[in-house]
1. I need to check one value: relative contact order of the chain, counting alpha carbon pairs closer than 8 Å and at least 6 residues apart, in percent.
2. Taking 0.36 nm per intervening residue step and subtracting the Cα-Cα distance, what contour gain separates residue 210 from residue 78 on full extension?
3. At 1.567 mPa s and 4 °C, plugging the Kirkwood radius over alpha-carbon pairs of the chain into Stokes-Einstein gives what diffusion coefficient in µm²/s?
4. Over the range 4-147, what is the percentage of antiparallel beta bridges among all DSSP beta bridges, to the nearest 5?
5. Does anything in the range 292-330 have its amide N under 15 Å from the 7 Å Cα→Cβ label point of residue 95, and if so which residues?
6. Extending each Cα 7 Å along its Cβ direction at residue 332 and residue 196, get the distance between those two points in nm, one decimal.
7. For a Förster distance of 25 Å, can you work out the FRET efficiency between the beta-carbons of residue 10 and residue 159, rounded to the nearest 0.05?
8. Classify the range 4-147: rounded, prolate or oblate, from the alpha-carbon gyration tensor (a ≥ b ≥ c, eigenvalue square roots; a/c under 1.5 rounded; otherwise prolate if a/b is larger than b/c)?
Ligand code: SF4
């Protein structure tokens, strides 16, 4: 799993038709039901040699997610993927398909998700229409008709996978598996076929590392991506228990699943309009603070660590208010900011995590 391009090449050699997707919440079930293997291209920084290709198009003060993603696609996508898929997200990613098209010749499937709440006039009808268009595009691309049975089978697989992910979170909160290990297993979802990821999760849940750890200070971790492995190991070694996570590549991706239904346009209205709140999905973002405070209460959280993606305005605009609300409840907060260049020197962040753990311990 440390070598994502190699993992993808192996999948391709086994006959999978890979579709590279961004940003984080693509319609995985629908893509899978057409016989494709969707791969979510997040956290690609370790898979690019440098940011030269990305820096030709994006300012170097964009987030490391966008820089890693753009560099990876320009340098390596052509040999790995049959197509790319994108829905709209932040301003940074907004014109990425046009940028990519200047460098990479691959079919690009697109979806536009309205940045409006479900109740606003036309929002639901518009999204349903966009999903139907995507189904037609997929029929054309794969040369096979949409099958409601295949779609239901795919939604059942992803439902099972998300439930297993939540079980691993529960194990982590009880001290049964270190956060570093749990996060690695959970994040592998993005670059494995769903069937393979289910097998990995079932194995991990059946054979947790032993001995179990004594639960320590209960902390919630938040951010777009799980922090680098070194920082998660410091959290584990400092006696921190990640009793809840609000990380977009982790819990925000598997926290909930809409009710099954054979019509993808209805399923994805539920999926996008009622998604677990994420700052990158504006309508869902309105519910975010209340959901987070409820999780703090439910999980008896004492500390909150925010791993900020440097230059991500979505996350940063929310944090001051969130920090105030945490303070009101007596929850200590630690804000760490990580950009592409920071990965070379994580020592100051290690020290701050150790100090935070010590403070919580007292
Ligand atoms: S981290 Fe923020 S700025 Fe970067 S791609 Fe995601 S939403 Fe956009």
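Quick note: the coordinates plus some simple rules give every number you see, no bench work behind them. The structure displayed is predicted, hence computed values, not measured ones. FYI the Cβ positions are ideal-geometry reconstructions off the backbone, even for glycines, and counts take in every protein chain you see.
1. Numbers: 555 pairs, mean separation 62.1, N = 362.
That works out to 17 percent.
2. Values: separation 132, 0.36 × 132 = 47.52 nm, distance 4.22 nm.
Residue separation times 0.36 nm, minus the Cα-Cα distance, leaves 43.3 nm.
3. Numbers: Rh = 21.1 Å.
Rounded, D is 62 µm²/s.
4. On the way: 0 of 12 bridges.
Of those bridges, close to 0 percent are antiparallel.
5. Answer for this model: none.
6. Here the answer is 4.1 nm between the modelled labels.
7. On the way: r = 26 Å, r/R0 = 1.06.
Rounded to the nearest 0.05, the efficiency is 0.40.
8. Values: a/c = 2.17, a/b = 1.21, b/c = 1.79.
Here the range 4-147 falls in the oblate category.
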